[in-house]
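Trainee: This structure is in structure tokens; I'll ask about it shortly.
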Amino acid sequence: MRYRRGMGASLIMLMTTVDRQDAARRLAHGLVEQGLAACAQVSSPLASVYRWRGTVEEAREWAVVVKTSRERLDAALAWLEREHPYEVPELVWWEIAAAPAYHDWAVGAVEEGR
């Protein structure tokens, strides 16, 4: 199958990190259960290096990678801002292209969860 660039531009990949696996799983489940995401993956622990209040820190974190629709992005971000345990959570996102069947499933799953 051939894919064209730009397919699936209404699909968003959203990512955040937290310092505990149970917190990552809670965020992943909450987003999907609230109809704000089609799916979410929780990573293995990773090492994060960052500057916080003038000091370089290193911490063990878990990434939560979420697929949502452009239409539900603002609601997903608002939910994460309320539920995230960090004072300044990492909330980054980008539009992604996907195979047509996956794109249609993901956007449909978010709409179905509304």
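Trainee: Filter region 20-57 for residues that are in contact with a helix residue (DSSP H, G or I) (Cβ under 8 Å, 6 or more places away or on another chain), touching a residue at least 40 places away in the same chain (Cβ under 8 Å) and under 12 Å from Val110 (Cβ atoms) and give the result.
Mentor: Once the filter is applied, which keeps residues that are in contact with a helix residue (DSSP H, G or I) (Cβ under 8 Å, 6 or more places away or on another chain), touching a residue at least 40 places away in the same chain (Cβ under 8 Å) and under 12 Å from Val110 (Cβ atoms), region 20-57 yields Leu31, Gln34, Gly35, Leu36, Ala37, Ala38, Cys39.
Trainee: Look through region 52-72, keep the residues that are of a type in the set (D, E, K, R) and not in a strand (DSSP E or B), and return whichever of them is farthest from Val92 (Cα to Cα).
Mentor: Filtering region 52-72 for residues that are of a type in the set (D, E, K, R) and not in a strand (DSSP E or B), the one farthest from Val92 (Cα to Cα) comes out as Arg53.
Yes/no matrix, rows are residues, columns are (1) at pLDDT below 95; (2) among the polar types (S, T, N, Q); (3) out of contact with any Lys or Arg (no Cβ under 6 Å at 6 or more places or on another chain); (4) crowded, with 19+ Cβ neighbours inside 10 Å:
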{"residue": "Arg4", "(1), (2), (3), (4)": "yes, no, yes, no"}
{"residue": "Thr16", "(1), (2), (3), (4)": "no, yes, yes, yes"}
{"residue": "Asp19", "(1), (2), (3), (4)": "no, no, yes, no"}
{"residue": "Ala28", "(1), (2), (3), (4)": "no, no, yes, yes"}
{"residue": "Val32", "(1), (2), (3), (4)": "no, no, yes, yes"}
{"residue": "Ala47", "(1), (2), (3), (4)": "no, no, yes, no"}
{"residue": "Glu58", "(1), (2), (3), (4)": "no, no, yes, no"}
{"residue": "Trp62", "(1), (2), (3), (4)": "no, no, yes, yes"}
{"residue": "Lys67", "(1), (2), (3), (4)": "no, no, yes, yes"}
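Trainee: Within region 96-111, does at least one residue satisfy the condition of being among the aliphatic types (A, V, I, L, M), modelled with pLDDT of 95 or more and loosely packed, with under 13 Cβ neighbours inside 10 Å?
Mentor: No, the conditions are met nowhere in region 96-111.
Trainee: With the requirement that a residue be closer than 21 Å to Glu112 by Cα and in a loop (DSSP other than H, G, I, E, B), what does region 14-38 give you?
Mentor: Residues of region 14-38 that are closer than 21 Å to Glu112 by Cα, as a first pass: 14, 26-38.
Once the filter is applied, which keeps residues that are closer than 21 Å to Glu112 by Cα and in a loop (DSSP other than H, G, I, E, B), region 14-38 yields Gln34, Gly35, Leu36, Ala37, Ala38.
Trainee: Being surrounded by 15 or more Cβ atoms within 10 Å (Cβ to Cβ) and touching a residue at least 40 places away in the same chain (Cβ under 8 Å) is true for just one of Glu71, Glu90. Which residue is that?
Mentor: Glu90 is the lone residue from the list that is surrounded by 15 or more Cβ atoms within 10 Å (Cβ to Cβ) and touching a residue at least 40 places away in the same chain (Cβ under 8 Å).
Trainee: Among the listed residues Ala99, Ala76, Ala109, Ala63, identify the single one that is touching a Phe, Trp or Tyr at 6+ places or on another chain (Cβ under 8 Å) and touching a residue at least 40 places away in the same chain (Cβ under 8 Å).
Mentor: Result: Ala99 is the single residue among Ala99, Ala76, Ala109, Ala63 that is touching a Phe, Trp or Tyr at 6+ places or on another chain (Cβ under 8 Å) and touching a residue at least 40 places away in the same chain (Cβ under 8 Å).
The values are calculated or read from the model by the stated rules, or taken from the named source; none is laboratory data. Everything quoted here is computed from the prediction, not taken from an experiment. Please note: Cβ atoms are built from the backbone with ideal geometry, for glycine as well, and neighbour counts cover all protein chains shown.
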